Amino acid sequence: MNAKVETRKFGAENGTFGQGVRFERIRRITGYLVGTLDRFNDAKRAEEACRVKHGLGRNA
Amino acid sequence: MPCILVRYGVKGSHQKCGAQRDAVLRGVGSVSSVSVPSNEYCDFISGFLMFSNIVKRDGRVVRYDADKIIEAVRKAMCAEGHGTQEDAERVSRRVEAELLKEYPDADPTVEQIQDVVEKALMHEGFEDVAKSYILYRASRTRTREMKTHLMRVFDELTLADAIDSDMKRDNANVDGDTAMGMMLKYGSEGAKDYNEKYLLTPQQAKAHREGDIHIHDFDFYALTTTCCQIDLIKLFNGGFSTGHGYLREPNDIRSYCALACIAVQSNQNDQHGGQSIVNFDYGLAPGVVKTYRKCVVSNLLKALELLAPGVRISKDDVKAAVDEISSRVGCGPQLAGSEAYDSAELEWLGTLTDSDTALRVHNFAVSHSREETDSATYQAMEALIHNLNTMHSRAGAQTPFSSVNYGMDTSPEGRMVVRNMLLATERGLGQGEIPIFPIQIFRVKSGVNYNEGDPNFDLFQLACRVSSKRLFPNFSFIDAPFNLQYYKPGHPETEIAYMGCRTRVMGNVHDRTREIAPGRGNLSFTSINLPRLAIEAKGDEDRFFDGLQYLMEMVAQQLDDRFEIQARKRVRNFPFLMGQGVWIDSESLGWNDEIREVIKHGTLSVGFIGLAETLKALYGRHHAESEEAQAKGLEIVGRMRKFLDDRSKEKGMNYTLLATPAEGLSGRFIKMDKERYGIIPGITDKEFYTNSFHVPVNFRISAFDKIRIEAPYHALTNAGHISYVELDGDTAHNPKAFEAIIRAMHDAGVGYGSVNHPVDRDPVCGYTGVIGDVCPRCGRREGEAIDPERFEELRRIYPNMPCLIK
């Protein structure tokens, strides 16, 4: 998987589709988007996992 | 000779020798033997020798010891099963004689002695032993090299998958598993080793190696500069050469887009960072004008043929007439309509047919040409996005790092470019995937697109809608005072541009009359490990600031040293960037000229990481936890900025302060600091230091408070900055909520920002949105198969689902 998102077609194996195909999780880390967390280094993966969502209230 | 040796080299003792032979050939360990060096013998020999010392591989000079030669020769003979102790001694005497002849005045090196041993063995009739000795030498050399750092690094690169090797995932946009990605990594690691040993001062090398500072793109230290803000209008004017071929000035929006991609790709090979197009809308608008004009010609022809069948006219005739009218009235056919042109065209049509038919022909041409131009522009944008996500650069290891800035052009053509770019982004790639490139940056400016009634307000709202689905565009804010100070209405070159990663180049101490975006970029940057300074200061503020001052000076000097290397490069080293006049003023230089003067328009930047941990270490709280800490944070970052402003003034060069993107750095510093200081709560108790001045990612805070706290740092970090807000999927898809965040950024004085929200996709059924453990559309878990019948059912409901091969 490169920076670009994969566009391969999925073949049928034993009459099933998608065996072994993982979900894509697009995330932004330094300004760039990355198509999969697999390519993040360990620190970035850890940072991504720690992120909390920000609410829209005026106070935290 | 008074030298007692265990003799292996007799016939019939091959088996005993087997293990030793293997050991020798594998080059591991020394063969133990009983060998008593004889001082008498050495003294006796050295009496005849001019040299009494030899030079070891690491440069040390040690006393010559003849027994070592005898020993080595004897081992080789033993391994081969050919030769006696006496033979070994005879060969070594020959070696000494040869050495005396060949190196009468200097101490021989180990390598030279070994060369002579090889020859001597052959002369004495031990060709087979010589061969084995050569193999032994080669394996020893290999073992030695394997022990060096660089070779160990190559070993990891070669044997480990990217999934297991953090080094191979250093940059998320380089595929470290491919052949070309690996080649790039070998080159990169080799260059780093060389640069550290030969180009840095010992002080700089130590600081970089031990993590006081981090010199970014260190592999490219001696090669090139970081990035460039590309002006499409200047580049396309008269055509350009990629370095591999010449391209004519484009004549159609589709070829404008194709050439824009080629320009980005060509430039990517001349620099180590990214390329940002500063005037995506202004730059492509002329392509829309040309396409519209072509459409008008072909539609006039079609309309005449059908509505005025008696008129016999060719396409060339129509084109000639349109050209003639355009040059006579001073403007061609316009998307927005032009009274001068339109009436002159009607007049000409009136000479061919009656006035009623003339009007119908004109109206047909206008409406169809608008529609066709719009559709051609959409296709061109779609193709550009596809190209930038699939084209290769840097020997195939990367997609070019491309960014485009737009949103301010209010011409109908420029607006058509931006609207279609946004619509193509919204639609996504072939199977609905999110385009990763180019990074799109929508420039926000009141009076142009920020408020209801502004000419491009519709585009701003569309940008919010698309970003809420596709993560792009990001938003830059011309109204932020530090950006507004450069802005002159009617001069697009004064509109702030950002590199996708956040780099910003605008002010220009080197030439105050050229405070513009196009043709300029960052030269290099180095970041400081702020948290370590704070930990070392142990709560003593003065000590912290002293340390900071020391590192700022060291880094500024290192940037100067690197500049000196860069400045000595010549135009020919950058066939596209400099050879095609992409970089400011480079068109005035000859092929062999030094680039020193023109790159002074670029920036030398000092960056930082982990302000939050720094404040924790110094004051116990970070900037989102207390107002006092925020004041201190601004003081620290403000001092860094002042240091660089002062130096800029003093040297007449652009030293700027960067909120470092920290791609590879986020884990590097903290890993070392953990080893040094152990786990310190709130500081080293995780895998990463917080990015630049950001509020820690795990801190609970409202979006608006986060923006309020981070905004003042944008004003200080003139080399670039970005603020993120993290929204959950539902909030992000609420257009009002999304727009409220962007407006808050604008009003708070943020320079560049974007909203992150989770975008997951199941490649099997094509669902895009938030996916937990189970895909909401097809119901499969990660990696699970889906039943083909179920798939076909879904396909009837969602016709745009991906294709399957049966």
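The values are calculated or read from the model by the stated rules, or taken from the named source; none is laboratory data. Keep in mind that this is a model prediction, so the values were computed, not measured. Heads up, the Cβs are rebuilt from the backbone with ideal geometry, glycines too, and the neighbour counts pull from every protein chain shown. Accessible surface is based on the protein model in full, side chains and every heavy atom, while ligands, DNA and RNA are left aside. Shrake-Rupley method; radii C 1.70, N 1.55, O 1.52, S 1.80 Å.
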Residues of region B:62-83 satisfying the condition of being open to solvent by less than 30 Å² (accessible area, probe 1.4 Å) and among the basic types (Lys, Arg): B:Arg74
Long-range neighbours under 9 Å by Cβ, at least six apart or interchain, first residue at pLDDT below 85 within region B:128-140, second surrounded by fewer than 16 Cβ atoms within 10 Å (Cβ to Cβ) and not in a helix (DSSP H, G or I): B:Ser139/B:Val28
Counting only residues that are open to solvent by less than 40 Å² (accessible area, probe 1.4 Å) and in contact with a Phe, Trp or Tyr (Cβ under 8 Å, 6 or more places away or on another chain), region B:765-800 contains a total of 9
Test B:His714 against the stated conditions and say whether it is more than 12 Å from chain A (Cβ to nearest Cβ), in contact (Cβ under 8 Å) with a residue 24 or more places away in the chain, under 23 Å from B:Tyr619 (Cα atoms) and part of a helix (DSSP H, G or I). yes
Got a number for residues in region B:417-444 being among the basic types (Lys, Arg) and either open to solvent by less than 30 Å² (accessible area, probe 1.4 Å) or touching a strand residue (DSSP E or B) at 6+ places or on another chain (Cβ under 6 Å) (or both)? 1
Condition first: closer than 30 Å to B:Thr768 by Cβ and either surrounded by fewer than 24 Cβ atoms within 10 Å (Cβ to Cβ) or away from chain A (no Cβ under 14 Å) (or both). Can you find one or more residues in region B:475-494 that meet it? yes
Unique match (being under 20 Å from B:Leu665 (Cβ atoms) and more than 24 Å from the chain's Cα centre (by Cα)) among B:Lys192, B:Lys206: B:Lys206
Filter region B:84-124 for residues that are in contact with an Asp or Glu (Cβ under 9 Å, 6 or more places away or on another chain), over 20 Å from B:Ile54 (Cα atoms) and open to solvent by less than 60 Å² (accessible area, probe 1.4 Å) and give the result. B:Asp87, B:Ala88, B:Leu121, B:Glu124
Report yes if some residue within region B:722-740 is surrounded by fewer than 18 Cβ atoms within 10 Å (Cβ to Cβ), touching a Ser or Thr at 6+ places or on another chain (Cβ under 8 Å) and among the small types (Gly, Ala, Ser); otherwise report no. yes
Residues that are in contact with a strand residue (DSSP E or B) (Cβ under 6 Å, 6 or more places away or on another chain): list the helices (runs of 4 or more DSSP H) wholly contained in region B:445-547 that include at least 1 such residues. B:457-470, B:530-537
So which residues in region B:780-806 are at the interface with chain A (Cβ under 8 Å from one of its Cβ atoms) and acidic (Asp, Glu), if there are any at all? B:Glu782, B:Glu784, B:Asp787
Kindly provide the set of residues from region B:684-708 that are away from chain A (no Cβ under 11 Å) and buried (at least 23 other Cβ atoms within 10 Å of the Cβ), ordered by number. B:Thr684, B:Phe693
Please state which of the following conditions B:Phe791 fails to meet, knowing it meets all the rest: (1) under 29 Å from B:Gln461 (Cα atoms); (2) touching a residue at least 24 places away in the same chain (Cβ under 8 Å); (3) not in a loop (DSSP other than H, G, I, E, B). (1)
Filter result for B:Leu159 (out of contact with any helix residue (DSSP H, G or I) (no Cβ under 9 Å at 6 or more places or on another chain) and at pLDDT 70 or above): yes
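So that you can scan it fast, the table gives a plain yes or no per residue for (1) within 14 Å of another protein chain (Cβ to nearest Cβ); (2) surrounded by 14 or more Cβ atoms within 10 Å (Cβ to Cβ):
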residue: B:Glu324; (1), (2): no, no
residue: B:Ser338; (1), (2): no, yes
residue: B:Glu345; (1), (2): no, yes
residue: B:Met381; (1), (2): no, yes
residue: B:Ile385; (1), (2): yes, yes
residue: B:Pro400; (1), (2): yes, yes
residue: B:Ser411; (1), (2): no, yes
residue: B:Arg415; (1), (2): no, yes
Considering residues of region B:663-678 that are of a type in the set (A, V, I, L, M) and out of contact with any His (no Cβ under 9 Å at 6 or more places or on another chain) only, the residue nearest to the other protein chains (Cβ to nearest Cβ): B:Ile670
Based on this model, can you work out whether B:Ala631 counts as in contact (Cβ under 8 Å) with a residue 60 or more places away in the chain and among the small types (Gly, Ala, Ser)? no
